[in-house]
Amino acid sequence: MKILIRKARILDPSQGLDQEGDLLVEEGRIVALDREISIEGPVEVIEARGLWLMPGLIDLHVHLREPGEEWKEDLESGSRAAAAGGFTAVACMPNTRPPNDSPEVTRYILSRAREVNLVRIYPVACISKAQQGETLAPFGELREAGAVAVSDDGHPVRDAGLMRLALEYARSFDLPVISHAEEPGLSAGGQVNEGPISARLGLKGIPAEAEEVAVFRDAALARLTGHPVHLAHVSTAGAVAVLRRAKEEGWPVTAETAPHYFTLTEEAVLGYNTNAKVNPPLRSETDREAIREALAEGVIDAIATDHAPHSPLEKEVEFPAAAFGLIGLETAVPLTLKLVREGLISPLRMAELLSTNPARILKVPGGTLRPSSPADLTLIDPEAVWVVTEEDLHSKSKNSPFLGWEMQGRAVLTMVGGRIVWRR
């Protein structure tokens, strides 16, 4: 069956398009895009006036917890949350149990993804065996098994020599390297951002420099090796300054931030709110403003959720014992739309941050609505008003600091390969 999406606002950075028009899907691919499409014969028509049509959103950074911690999340529940949030593809980090440091684990994830058959799931494999930071994982075998990138996310690569070797080794297999930029000598034992809030709560702080030192190190190693590094979850003004300088000098560096870093500050942890306990921690208002400006300027290339589900067993405990992380797949669209409404970024820039650039960084299909491309797309109602509740979230875990918030904007249809996997 052909599907005609009619009278949507089409936003496609890959073609520089921001116009009202129609889009036709047939046999899993986009076959036509124009201001008006006339078609005869059987066709499903989706009236989309007032809706935004973007290339399918791609999340560079999620934790789906399978294998090993399926009580928090699994590939099926994570895929449902992704589809409901407007994401057609997600890249799942390797800190599972066991970690994804072998082709067997990579193949297991891809096999389960085919069984679930909702969104595209791209496994990210480990940089080091068991994420111990001692010996490199077998990049070639992991790439052959289907890994799209390598990272020790959840753990920094402590040894600069090993990180240099990882970049050089990854270059041989054209593997993107994703850096969890953290200097553990500065962050060890920390709970929240170091500053007045940490002092007020009596909690050990994590200084911004713990991120900034590591961001500079890995950016410099990318310059040294000539192989790109992608910096995950950037949260500080100092890290933004390093990135800006690196890009001005042509270093091969890209970066992402997460919606919680441009929406919340360290004040969200007041009252010992464990749902706002994340790593890196929520920072100061100065840092939040720097992140927002970096998104507008292009210093930060992508928005990723760092979706990190945890059960009440890990969150409804004393703050120092609580796990780091929050869920974000279903709140990313409205939080990013807020930047659009505030005039900080354009709708086209939003599509670039959430779709086109993530596809480019991961070197995966998507990020475009060009005819002949796979029909991965997202329809967004920018005016829909809704309240975040546990009952409305599709993730198994409910550890969101945005529970009870009134949001504006959400995905109303998600299509993967011409198949509607979510419709509100």
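The condition of being touching a Ser or Thr at 6+ places or on another chain (Cβ under 9 Å) and not assigned by TED's automatic domain parsing to the domain that holds Arg65 holds for Gly367.
For segment 357-411, the set of residues classified as basic (Lys, Arg), within 30 Å of Thr274 (Cα to Cα) and in a loop (DSSP other than H, G, I, E, B) consists of Lys396, Lys398, listed by residue number.
Just to be sure I understand, how many residues within segment 96-141 are more than 27 Å from Ala81 (Cβ to Cβ), of a type in the set (Lys, Arg) and touching a strand residue (DSSP E or B) at 6+ places or on another chain (Cβ under 7 Å)? Adding up the residues that qualify gives 0.
The lone criterion from (1) on the phi > 0 side of the Ramachandran plot; (2) of a type in the set (Lys, Arg); (3) surrounded by 15 or more Cβ atoms within 10 Å (Cβ to Cβ) left unmet by Lys363 is number (3). Just so you know, in segment 262-291 the residues that are acidic (Asp, Glu) and over 18 Å from Gly202 (Cα atoms) include one that is surrounded by the most Cβ atoms within 10 Å (Cβ to Cβ), and it is Asp287.
Would you mind telling me which numbered condition in (1) in contact (Cβ under 8 Å) with a residue 60 or more places away in the chain; (2) among the aliphatic types (A, V, I, L, M); (3) under 18 Å from Leu326 (Cβ atoms) Ala294 fails? For Ala294, the exception is condition (3). I'd like to check which helices (runs of 4 or more DSSP H) are fully inside segment 204-323 and have at least 3 residues that are in contact with a helix residue (DSSP H, G or I) (Cβ under 8 Å, 6 or more places away or on another chain) and closer than 24 Å to Val90 by Cα. Ranges flagged: 259-263, 285-297.
Annotation: of all residues in segment 167-186 being in contact with a strand residue (DSSP E or B) (Cβ under 6 Å, 6 or more places away or on another chain) and assigned to a loop (DSSP other than H, G, I, E, B), the one that is surrounded by the most Cβ atoms within 10 Å (Cβ to Cβ) is Ala181.
Beta carbons closer than 9 Å, at least 6 apart along the sequence or on distinct chains, pair a first residue in segment 321-347 that is modelled with pLDDT of 95 or more and crowded, with 24+ Cβ neighbours inside 10 Å with a second that is among the charged types (D, E, K, R) and in a helix (DSSP H, G or I) for Glu330/Asp392. Here segment 248-261 is the region considered, the condition is being in contact (Cβ under 8 Å) with a residue 60 or more places away in the chain and closer than 27 Å to Gly202 by Cβ, and the residue that is surrounded by the fewest Cβ atoms within 10 Å (Cβ to Cβ) is His260. Listed by position, the strands (runs of 3 or more DSSP E) inside segment 1-97 whose residues that are in contact with a helix residue (DSSP H, G or I) (Cβ under 8 Å, 6 or more places away or on another chain) and of a type in the set (A, V, I, L, M) number at least 2 are 57-62, 87-92.
Please specify each residue of segment 89-109 satisfying the condition of being more than 21 Å from the chain's Cα centre (by Cα) and polar (S, T, N, Q). Ser102, the sole residue that qualifies.
The values are calculated or read from the model by the stated rules, or taken from the named source; none is laboratory data. Please read all numbers here as calculations on a predicted model, not as lab measurements. Note: ideal-geometry Cβ built from the backbone for every residue, glycine included; neighbour counts use all protein chains shown.
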